[in-house]
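Enquirer: Before anything else, here's the structure in question.
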Amino acid sequence: MAQRQFQTEVSRLLHLIIHSLYSNREVFLRELVSNASDALDKLKYLSVADDAYKSISFDPRIDISFDKNAKTLAVSDNGIGMSEQELADSLGTIARSGTKAFLEKLELDAKKNSNLIGQFGVGFYSAFMVADRIEVTSRKANEESAWKWSSDGKETYDIESAARDTQGTTVLLHLTEEGLEYANRWSIEDIIKRYSNYITFPIYLTFDEKEWDDKGNEKGSKTKTERINSGAALWRSPKAELKPENYNEFYKQLSHDKDEPLLYIHTKAEGSLQYITLLYIPRKAPFDMFHADYKPGVKLYVKHVFITDDDKELMPVWLRFVRGIVDSEDLPLNVSREIPQQNRILANIKNASVKKILSELKTISENDKEKWNVFVSEFNRPLKEGLYSDWENREAITGLVRFKSSAVDGWTSLAEYADRMKADQKYIYYISGSDEKTLKASPLLEAYRAKGIEVLIMHEEIDEIVVPQLGRYKQATGDASREWELKAVNRSGADEELGEKPDSKTESDSKPVIEKVKNALGERVKDVRLSRRLQDSPSCIVADENDPSLQMAQILKAMGQGDVPDAAPILELNPSHPLVSGLKDTEDALVIEDTADVLLDQALLVEGLKLKDPAGFVKRLNRLLSRK
Ligand code: ADP
């Protein structure tokens, strides 16, 4: 017998599971059953698709049994099984990609997050919550020998040669005192019905039933085996027979989410392509939504047989939070994206699903405020990705994305903005940056506010990329349609609606000031101008019409694209501010230089940008303040 050491992460996980996650122990059974079901799926698939396995005829099933006296519980399947190497690889290391991330999150605050285990599902190892020793006996399909993996869930595990009549796996738990509560018929039935009812394979429970004679005396007991899951693939039932509870229960099992879904969409297509989709939008964004290696949430079935849960193409990336199943009648079981016709079928299903989801979201946005707000707060960002990655659906997505605004609390749509707009307003205005509060307080908004012009607040990083690409917004009104350009207020051209240009007297009065500031700042600015946008503040910066915004430049830098040239901003001055007008009569070079620098740096600061030389700024400010 060879004793082996667990991979470090497994030890950490086991320790955590055993010591901090007692609250939801029962999920161990769901995890073991779901592993068994996966193993059956795999073998069923191979027995149809792979010649090497075609000779295997098997009746897929999962069996659960327990022995109160021996304090054991066993979950057994006749699925694909594991070879010696696979036992070591799968049960000695962490197989699931999300588990590592889960682990890191959990360790931050193990106690508080104890119900995370339900959300993520940590698989096989969760059985150590109820067992102090586990034996896994497995025989791989098409192999002669069987192997037994065993461990007490501490540091090490053993693998030794074993015997098993057929292919498959038996997980035998030696229950702890706490685990003993699951060694009875009713607990097991209850847990299976709750978590695993729709597992498509039959799950049988073997138990002893007492027998009574006519007089009501116990005369012994009889061993019985009964099927305890319903097994019908829920999505194949007619809609009329399904209640919301059925959909919700199926969702929880499918997604390992403990919350109910926000909405579900069940579609049966019976035209030239035949398929069923059952898609869900969760109430909470999946934890890995912003990880590059996120796990796709939609599973592919073909004629009721599970094919894969790892096909990222079933949904567009921007809808990666969608959960559910796609079940096609037209594909072969050994479906391949390499074959154009099969790929086309999948693409068709995907396109139709996206359209369906978008139209459902539109309905919700119009009719169900509560649900819609949940959706926006969780999924507005990925939806915005759709604006630049999904041209075909751009119009529908544009109708759904939401922004903050200088005029209203909460979120607003472009349509609502357009409705509020004055009849002769030429552009839709927005300001972009990284922080909502900073943007709302920006001096750039002063004049727009004074004029009653609403400005959209684009505080999400993705806005910097999406909005310039979107460019325009078109609104159909009856037969006609109107269209507006989206204009950033921190751009040089965006001030034409703000009133008259400074008159020629102000212009000529300020000329020397402009010259002095320009000379003092040199290369740091592209130009210095009088502003029409400022009411109370002395200065602001804007980007030249065709330059990238400074915020965009900082994002590109942060993304490692360091070779973006710094586009110098245009500095705009408020001629009626004393700090600016005071420069007219000064010839003191140091004062001019200090003032010019402070005017620029404070304008950068209020836009939430980083100063290159904060110490210099403070020094100049202090020098100005202490000037007699
Ligand atoms: P996950 O199921 O998320 O991959 P687990 O820790 O539950 O994580 O299982 C690890 C791996 O062990 C599985 O991916 C699978 O390869 C293997 N495994 C577990 N149970 C079985 C089983 N009953 N039959 C075959 N393989 C299994």
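Enquirer: Just grab the label-to-label distance for residue 227 and residue 284, each label 7 Å out from Cα along the Cβ direction, in nm (one decimal).
Expert: 3.5 nm
Enquirer: For an R0 of 41 angstrom, estimate the FRET efficiency from the Cβ-Cβ distance between residue 187 and residue 408 and round to the nearest 0.05.
Expert: Using R0 = 41 Å, I get an efficiency of 0.20.
Enquirer: Using 0.36 nm times the number of residues separating residue 485 and residue 441, minus their current alpha carbon distance, what extension gain do you get?
Expert: 13.5 nm
Enquirer: Using only Cα atoms, tell me the angle between helix 369-389 and the longest principal axis of the chain; keep it within 0 to 90° and round to the nearest 10.
Expert: 80 degrees
Enquirer: Now for a separate question. Taking all protein chains as present, what is the carbon and sulfur share of the accessible area of region 225-274, in % to the nearest whole number, probe 1.4 Å?
Expert: Summing carbon and sulfur atoms, their accessible area is 45 percent of the total for region 225-274.
Enquirer: Using a 10 Å cut-off on Cβ atoms, rank the peptides 337-348, 261-272 from the highest mean neighbour count down.
Expert: Highest mean packing first, the order is 261-272, 337-348.
Enquirer: When the chain is fully extended, how far beyond the present Cα-Cα distance does residue 518 get from residue 369, taking 0.36 nm per residue of separation?
Expert: So the extension gain works out to 48.5 nm.
Enquirer: Using only Cα atoms, figure out Rg for region 28-88 and give it as a multiple of 2.2 N^0.38 Å.
Expert: So the Cα radius of gyration is 1.30 times the expected 2.2 N^0.38 Å.
Enquirer: I'd like the distance separating the alpha-carbon centroids of region 4-75 and region 167-187, in whole Å.
Expert: 12 Å
Enquirer: For residue 588 and residue 536, what is the calculated FRET efficiency with R₀ set at 30 Å and r taken between the beta-carbons, to the nearest 0.05?
Expert: In this case the efficiency is close to 0.70.
Enquirer: Express as a percent, rounded to the nearest 5, the fraction of DSSP beta bridges in the chain (both residues included) that run antiparallel.
Expert: In the chain, DSSP labels about 75 percent of beta bridges as antiparallel.
Enquirer: From the P(r) of the chain, could you give the percentage of C-alpha pairs in the tail past 49 Å?
Expert: 34 percent
Enquirer: Dipole magnitude of region 124-272 about its Cα centre, charges +1 at Lys/Arg Cβ and -1 at Asp/Glu Cβ only, in debye to the nearest 20?
Expert: The calculation lands at about 600 debye.
Enquirer: While we're on this one: Can you give the % of DSSP beta bridges in region 234-367 that are antiparallel, to the nearest 5?
Expert: 75 percent
Enquirer: What does the C-alpha gyration tensor say about the overall shape of region 308-399? Classify as rounded when a/c is under 1.5, otherwise prolate if a/b is larger than b/c, or oblate.
Expert: Judged from the Cα gyration tensor, region 308-399 comes out prolate (a/c at least 1.5, a/b above b/c).
Enquirer: A further question follows. Take the Cα of residue 355, step 7 Å along the line toward its Cβ, and report every residue of region 272-307 whose backbone nitrogen sits under 20 Å from that point.
Expert: 272-280
Enquirer: What number, rounded to the nearest 500 deg cm²/dmol, is the helix-based mean residue ellipticity at 222 nm of the chain, given -39500 (n - 2.57) per DSSP H run of at least four residues and division by all its residues?
Expert: Using -39500 (n - 2.57) per qualifying helix, the result is -11500 deg cm²/dmol.
Enquirer: About the Cα centre of the chain, what is the dipole size in debye to 20, counting +1 per Lys and Arg Cβ and -1 per Asp and Glu Cβ, all else neutral?
Expert: 740 debye
Enquirer: Going by alpha carbons, how many degrees (0 to 90, nearest 10) lie between the helix axis of 589-606 and the longest principal axis of the chain?
Expert: 30 degrees
Enquirer: Oh, and also: Using alpha-carbon positions, what is the distance between the centroids of region 277-313 and region 507-527, in Å?
Expert: 58 Å
Enquirer: Determine, at each q value in 0.22 (inverse angstroms), the log₁₀ of I(q)/I(0) that the Debye formula gives when each Cα of region 182-316 is one equal point scatterer.
Expert: Values returned for q = 0.22 Å⁻¹ are -1.44.
Enquirer: May I pose another question? Stretch residue 57-residue 334 to full length: gain in nm at 0.36 nm per residue minus the Cα-Cα span?
Expert: 97.9 nm
Enquirer: If we sort 605-612, 31-38 on the protection proxy, mean other Cβ atoms within 10 Å, highest first, what's the order?
Expert: Final packing ranking: 31-38, 605-612.
Enquirer: So, one more: Sorted by mean Cβ packing within 10 Å, highest first, what order do the peptides 242-250, 59-67 take?
Expert: 59-67, 242-250
The values are calculated or read from the model by the stated rules, or taken from the named source; none is laboratory data. Every value quoted in this text rests on a predicted model; they were computed, and no experiment measured them. So basically every Cβ, Gly included, is an ideal-geometry build from the backbone, and we count neighbours across all protein chains shown. For the accessible areas, the whole protein counts, side chains as well, though only heavy atoms, and no ligand, DNA or RNA atoms are used. Shrake-Rupley method; radii C 1.70, N 1.55, O 1.52, S 1.80 Å.
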